[in-house]
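Report on the structure given below.
The values are calculated or read from the model by the stated rules, or taken from the named source; none is laboratory data. Every value quoted in this text rests on a predicted model; they were computed, and no experiment measured them. Using ideal geometry, Cβ is built from the backbone for each residue, glycine included, and neighbour counts are taken over all protein chains shown.
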Amino acid sequence: MGSVTVGDRSSFTGIMIVTPRHTAPNLDDTWRGFKDLPLVFATAMMCGFIEQTCIEALYRALVVMDELWKRVLKKAECCVTPRFSSAC
């Protein structure tokens, strides 16, 4: 099973080009106050970029965990199935 340990390293080769749609004033029309903000990289976009780099770094372990959870849920599903069912 894949695991994640302290100090693991990964590299994220994706490139993000900040365009006007990633800046605070252009983020969302719902929030009128955003229009008055300076043309800077929006915090929400920065958080999304950081999240994506974490997903990329942990992807192998997440895939293994996903498969493990599928097996665990399948077993749990069988536990609540009546004995006479052919599901298990």
Report summary line: Of the conditions (1) modelled with pLDDT of 85 or more; (2) loosely packed, with under 13 Cβ neighbours inside 10 Å; (3) over 16 Å from the mean Cα position of the chain (by Cα), the single one that Ala24 does not satisfy is (2)
Report summary line: Checked Phe41, Phe12 against criteria (at pLDDT below 80, of a type in the set (Phe, Trp, Tyr) and in contact with a helix residue (DSSP H, G or I) (Cβ under 8 Å, 6 or more places away or on another chain)); the one match is Phe12
Requested in this report: Give the residues of the stretch 14-33 that are outside any loop (DSSP other than H, G, I, E, B) and farther than 17 Å from Phe49 by Cβ, sorted by residue number.
Outcome: Pro25, Arg32, Gly33
